[in-house]
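Participant: This structure is in C-alpha cells; I'll ask about it shortly.
Bear in mind that the values in this text are calculations on the coordinates, not laboratory data. Quick caveat: nothing in here was measured; it's all calculated off a predicted structure. Using ideal geometry, Cβ is built from the backbone for each residue, glycine included, and neighbour counts are taken over all protein chains shown.
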Amino acid sequence: DECARYLFPDRDDVDKLIIGGFCSIGSGASFIMAGNQGHRHDWASSFPFFYMQEEPAFSRALDAFQRAGDTVIGNDVWIGSEAMIMPGIKIGDGAVIGSRSLVTKDVEPYAIIGGNPAKQIKKRFSDEEISLLMEMEWWNWPLDKIKTAMPLLCSSNIFGLHKYWREFAV
C-alpha cells in the first residue's frame, strides 16, 4: 500500500505477485496471474462458459476458475528480458532467469535457469556458499552495512562477505 496512492484494498480471493528486494526485471518480462483463468483441462471442454452468462445456453455453466497461489519472487533475483513466469511459481533468492525463459516450475535459490520450459543450467555458487548467503540475507541489512560491504557484494568472495557479516551481526 505504501507504493501507490489509492491502491485498491487487499483482497483475499485473488493470487498476489510478491517481489522481494534488490530484484532486476528485464523489459518485456511477464507474470501470468489469475490461476487457470477459468480453463479446466480435466473437463470435456476447456472453454470458460461461466464468464459468458449473457448467453442463455451457458446459464448452467460452472465456474472453472482455480487459484494457483501467490507468485513469489525472492530477493536479489534477476529475471531476463521477455521471460514469462506462470501462475503460482516461487523463485528462490538469488536466482537468475534467462531471457525468454518460460518458468513453469519453482526455482531453487541461486539457481540459473533458462529455456522453454525453463530448466536449471547450473547453480551460481557451491552449496556451502549458497547456505552462507541464505544465512546472511544481505538484502535485509541496514543500508550503512550494505554500503560498507559493497566491495564484497560486488565480488565472488562469499566467505569474505560472511566474515564481514559475522563481525557486525554478533
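Participant: Rounding to the nearest 10 and keeping the result within 0 to 90°, find how far the Cα-based axis of helix 158-169 lies from the longest principal axis of the chain.
Facilitator: Once rounded, the angle reads 80 degrees.
Participant: Once phi is turned into ³J(HN,Hα) by the Karplus curve 6.51 cos²θ - 1.76 cosθ + 1.60 with θ = phi - 60°, what whole-Hz value does each residue of the stretch 68-83 show in order, with x for glycine and proline?
Facilitator: My calculation for the stretch 68-83 gives 9, x, 4, 8, 10, 9, x, 8, 6, 9, 10, 10, x, 4, 6, 5 Hz in order.
Participant: Next question, about the same structure. Calculate, in nm to one decimal, what Ser30 and Ile112 gain on full extension: separation in residues at 0.36 nm each, minus their alpha carbon distance.
Facilitator: Numbers: separation 82, 0.36 × 82 = 29.52 nm, distance 1.81 nm.
Value of the extension gain: 27.7 nm.
Participant: So, one more: Any idea how far the Cα center of the stretch 40-54 sits from the one of the stretch 62-138, in Å?
Facilitator: 31
Participant: Moving on. Would you mind counting up the charge near Tyr110? Only other residues with Cβ under 11 Å from its Cβ, with Lys and Arg at +1 and Asp and Glu at -1.
Facilitator: Details: positive: Lys122, Lys123, Arg124; negative: Asp76, Asp93, Glu108, Asp127, Glu129.
Neighbourhood net charge equals -2.
Participant: Given a Förster distance of 35 angstrom, what is the FRET efficiency for Ser81 paired with Phe50, based on the Cβ-Cβ distance and rounded to 0.05? Let's see the in-between values first.
Facilitator: Details: r = 36 Å, r/R0 = 1.01.
It comes out at approximately 0.50.
Participant: Given H placed on each backbone N at 1.01 Å, which residues far from Met84 in sequence or on other chains put an amide H within less than 5 Å of it?
Facilitator: Ser30, Ser101, Leu102, Val103
Participant: Residues with amide H under 5 Å of Lys90's amide H, sequence separation 5 or more or different chain, H placed in the peptide plane at 1.01 Å from N; which?
Facilitator: Val72, Asp106, Val107
Participant: Let me ask something additional. Taking amide H positions as placed in the peptide plane 1.01 Å from N, state which residues far from Asp76 in sequence (5 or more) or on other chains have amide H under 5 Å from it.
Facilitator: Here Gly21, Phe22, Cys23, Gly94 satisfy the definition.
Participant: Further question on the same structure: Greater than 23 Å separation of Cα atoms is the criterion. Which listed pairs, Lys16/Lys122; Lys16/Lys123; Lys90/Lys123; Lys16/Lys105; Lys123/Lys145, meet it?
Facilitator: Check vs 23 Å cut-off fails for Lys16/Lys122; Lys16/Lys123; Lys123/Lys145.
Participant: Mind checking the angle between helix 143-153 and the chain's longest principal axis? C-alpha axes, 0 to 90 degrees, to the nearest 10.
Facilitator: The answer is roughly 80 degrees.
Participant: Ok, one more. Under a crude label model (7 Å from the Cα following the beta-carbon direction), how far is Lys123 from Asp63 in nanometres?
Facilitator: 4.3
Participant: Label points 7 Å out from Cα along the Cβ direction at Lys145 and Lys16: separation in nm?
Facilitator: Between Lys145 and Lys16, the label points sit 2.5 nm apart.
Participant: Take every DSSP beta bridge with both residues inside the chain and express the antiparallel ones as a percent of the total, to the nearest 5.
Facilitator: Values: 5 of 21 bridges.
So the antiparallel bridges amount to about 25 percent of the total.
Participant: For the chain, with a Gaussian network of springs between Cα atoms less than 10 Å apart, report the residue from Ser24, Ser101, Ser46 with the top mean-square fluctuation.
Facilitator: Ser46
Participant: Can you sort Leu102, Leu17, Leu62 so the residue with the fewest Cβ neighbours within 10 Å comes first? Kindly include the intermediate steps, with their values, before the conclusion.
Facilitator: On the way: Leu102 15, Leu17 12, Leu62 9.
Ascending number of Cβ neighbours within 10 Å: Leu62, Leu17, Leu102.
Participant: Treat the chain as a sphere of radius equal to its Kirkwood radius over Cα pairs and apply Stokes-Einstein at 37 °C in a medium of 0.692 mPa s; give the translational diffusion coefficient in µm²/s, rounded to a whole number. Intermediate results must be reported in sequence, preceding the final value.
Facilitator: On the way: Rh = 18.6 Å.
The estimated diffusion coefficient comes to 176 µm²/s.
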